[in-house]
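Read through the structure below, which is laid out as structure tokens, and then see the notes.
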Amino acid sequence: MQKNFSEYEGVIGLEVHCQLKTKTKLFCSCSTQFGAHPNTNVCPVCLGLPGCLPVLNKRAVELAVITSIVLNCKINETSIFARKNYFYPDLPKAYQISQYDQPLAVDGSIDVLGEKIGVVRINLEEDAGKLVHKEGYSLVDFNRCGVPLVEIVSKPDIKSPDCAYQYLISLKEVLQYAGISDCNMEEGSLRVDANVSVRRIGEEMGVKVEVKNMNSFKWVERALGYEIERQINILKEGGKITQETRLWDEKKQKTFSMRGKEEAHDYRYFPEPDLLPLVIDKARTEELENEIPELPSHKRKRFVEEYGIPEYDAGVLTSSKELARFFEEVLKDYKNPKAVSNWIMTEVLSIISPEKINECKIKPNLLAKMLVMIEKGEISGKIGKDVIIEIEKTGKDPEEIVKEKGLIQIKDEESLILAVDEVIRENQKAVEEYRSGKEKALGFLIGALMRKTKGRANPELANRIFKTRLA
Ligand SMILES: [Zn+2]
């Protein structure tokens, strides 16, 4: 279906809902713990029973302020909570406490691969419950009711599905680094909705379509790609785009209409009468600013400057806060940044993902110790790869593993000469080839020696011995 659509461009805005990392809910002291038995983390406040009053969670406000700082927003000194009224079975109060015309923060930006994507606003709001659909009936779990969220609304600065994907990656990185949220999409602590329209380049914005039901960043990318193409096709055939909400169907790789504009909600927003205006204290904001750890973009730049590693490496190593810490911990005991980076990127990350690095048995000091052994020539790099796998299996010290498995490199000339002579006896054809001038045959012989010694021969020494024995 790929056609030349060059005169059209997509215009994308993203709305991200992100759960703040608090122990308790936004307006009551119920736990926010994921996976609790349905309807056990509830109380009269979050169930919306009559006569109950909300009490604002201080930590949630602090985390929302930190979000505003790291996304370079202007924090409104006074913001107002508003009731968003609608009926739905997962919303017992029949309204959600959110913010409307006076949100917490406005006018920020986020750095996406060197480009700035604007952030329109950040709202603090509560989550609704969850419906579980069974055959012929549905169940409702109110545990999520009142869980604190920040809603982060981007400007329509995003021009392509790929850029949307990168925006989400960058946003997630920043939110995780700053300790605002764990951004776990499977557990619903990060959700993405999109507004998409297309226009002829240089012309005014077209009719917006809202796309929902995208459960991963890849789904977002695919749904947006499909939707932009769908809209362009309609326009090319002289049709009109309908303003509507569409759902992404990952199985069919299509969006389909959920509701049109005529069914759109009128939320009858009004200021929440049970809560005072939220006033953000400047001094406290400054204190919070000082609590923010080094963010990924800064860390990447620093890694390149301080350790002299390529930008690509710095990007991989800072893809999670935990991995960046791991890298710097290894460097305390082994001071060759590029070597450490290579080992992490190829061997360690083939075993464990960047976010889970703390859960694996390969500890920074063990990796450093092993790299020192390689540098001293006690083991070869090839053996090192096996040692890493063994560390992950057993958590043992590399020295112990090497000793137990007899992996120490053979550096003593006499024993290596014996092995070399054996290889020469067993591979007469290669020997003749080498003697008749085929340099390549030497590689074959060294390979045979490595197999014989299970990779333990010191390559330089082996090379020298072969050359003298075959001369
Ligand atoms: Zn509660």
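Each reported figure results from applying straightforward, stated rules to the coordinates on display, with no laboratory input. These figures come from a predicted structure and were not determined experimentally. Reconstructed Cβ throughout: ideal geometry from the backbone, glycine too, with neighbour counts over all protein chains shown.
Greater than 20 Å separation of Cα atoms is the criterion. Which listed pairs, Lys356/Lys382; Lys116/Lys301; Lys382/Lys454; Lys130/Lys212; Lys363/Lys452, meet it? Can you show the working numbers first?
Values: Lys356/Lys382 25 Å; Lys116/Lys301 17 Å; Lys382/Lys454 10 Å; Lys130/Lys212 16 Å; Lys363/Lys452 31 Å.
Exceeds cut-off: Lys356/Lys382; Lys363/Lys452.
Relative to the longest principal axis of the Cα atoms of the chain, helix 364-375 runs at roughly 30 degrees. Which shape class, rounded, prolate or oblate, goes with segment 133-240 when its Cα gyration tensor gives a ≥ b ≥ c as root eigenvalues, a/c under 1.5 marks rounded, and past that a/b bigger than b/c marks prolate? Taking the square roots of the gyration eigenvalues as a ≥ b ≥ c, segment 133-240 is oblate. Whole-Hz Karplus values for segment 136-142 come out as x, 7, 10, 10, 10, 10, 8 Hz, taken residue by residue from phi with 6.51 cos²θ - 1.76 cosθ + 1.60 and θ = phi - 60°; glycine and proline positions read x.
If Lys and Arg each add +1 and Asp and Glu each add -1, what is the summed charge of the other residues whose beta carbon sits under 14 Å from the beta carbon of Ala462?
Numbers: positive: Lys382, Lys411, Arg451, Lys452, Lys454, Arg456, Arg464, Lys467, Arg469; negative: Asp412, Glu413, Glu414, Asp421, Glu422, Glu460.
Here the charged neighbours net out to +3.
Kindly identify segment 20-172 as rounded, prolate or oblate by the Cα gyration tensor criterion: order the square roots of the eigenvalues as a ≥ b ≥ c, call it rounded if a/c is under 1.5, otherwise compare a/b with b/c, prolate if a/b is larger, else oblate. Verdict is prolate for segment 20-172.
Rounded, prolate or oblate: which one fits segment 241-366, using the alpha carbon gyration tensor with axes a ≥ b ≥ c (rounded when a/c is under 1.5, else prolate when a/b beats b/c, else oblate)? Can you show the working numbers first?
Working: a/c = 3.16, a/b = 1.63, b/c = 1.94.
Oblate is the answer for segment 241-366, as a/c is 1.5 or above yet b/c matches or exceeds a/b.
Fewest first, what order do Asp193, Asp313 take by the number of other Cβ atoms within 10 Å?
Numbers: Asp193 18, Asp313 22.
Lowest to highest Cβ neighbour count: Asp193, Asp313.
Treating each Cα of the chain as one equal point scatterer and applying the Debye formula with no solvent, the log10 of I(q)/I(0) at q = 0.06, 0.10, 0.11 Å⁻¹ comes out as -0.42, -0.88, -0.98.
Remark: segment 310-320, residue by residue, has Karplus-estimated 3J(HN,Hα) of x, 4, 4, 4, 4, x, 5, 5, 9, 5, 9 Hz, where x stands for each Gly or Pro and the curve is 6.51 cos²θ - 1.76 cosθ + 1.60 at θ = phi - 60°.
Ordered by the number of other Cβ atoms lying within 10 Å of each residue's own Cβ, fewest first, Lys338, Lys363 fall into the sequence Lys338, Lys363.
Restricting things to alpha carbons, find the Rg to Rh ratio for segment 386-471 using the Kirkwood radius for Rh. Result: Rg/Rh = 1.09. Divided by 2.2 N^0.38 Å, where N counts the residues, the Cα radius of gyration of segment 8-288 comes to 1.02. Ignoring aspartates and glutamates fewer than eight residues from Lys252 along the same chain, the ones with Cα atoms less than 20 angstrom from its Cα are Asp193, Glu210, Glu221, Glu227, Glu229, Glu244. Exposure proxy ranking for Lys299, Lys218, based on other Cβ atoms within 10 angstrom of each Cβ and starting from the fewest, stands as Lys218, Lys299. For a paramagnetic label modelled on Ala94 (point 7 Å from Cα along Cα→Cβ), amide N atoms under 15 Å away belong, within segment 34-48, to 48.
May I ask you to work out the translational diffusion coefficient for segment 306-447 at 25 °C, viscosity 0.890 mPa s, via Stokes-Einstein with Rh from the Kirkwood sum over Cα pairs, reported in whole µm²/s?
Numbers: Rh = 17.2 Å.
Using the Kirkwood radius from Cα pairs, D works out to 143 µm²/s.
In percent, rounded to a whole number, the relative contact order of the chain is 13, using alpha-carbon pairs under 8 Å and six or more apart. Near Asn72, the amide H atoms lying under 5 Å from its own belong to Ser109; only residues 5 or more places off or on other chains count, and H is placed 1.01 Å from N. Using only the alpha-carbon atoms, how far is helix 321-333 inclined from the longest principal axis of the chain? Give it as 0 to 90 degrees, nearest 10. With rounding to tens, the tilt is 30 degrees. Here the Karplus curve 6.51 cos²θ - 1.76 cosθ + 1.60, taken at θ = phi - 60°, turns the phi angles of segment 35-45 into couplings of x, 5, 4, x, 6, 9, 8, 9, 8, x, 5 Hz, with x standing for Gly and Pro.
Let me know the whole percent of all Cα-Cα pairs from segment 170-306 that are separated by more than 24 Å. Spell out each step's value before the answer.
Details: 5272 of 9316 pairs.
Value for segment 170-306 (Cα pairs over 24 Å): 57 percent.
Entry note, segment 8-288: relative contact order of 25 percent, from Cα contacts under 8 Å with a spacing of 6+ residues. Helix 217-236 and the longest principal axis of the C-alpha atoms of the chain enclose an angle of approximately 60°.
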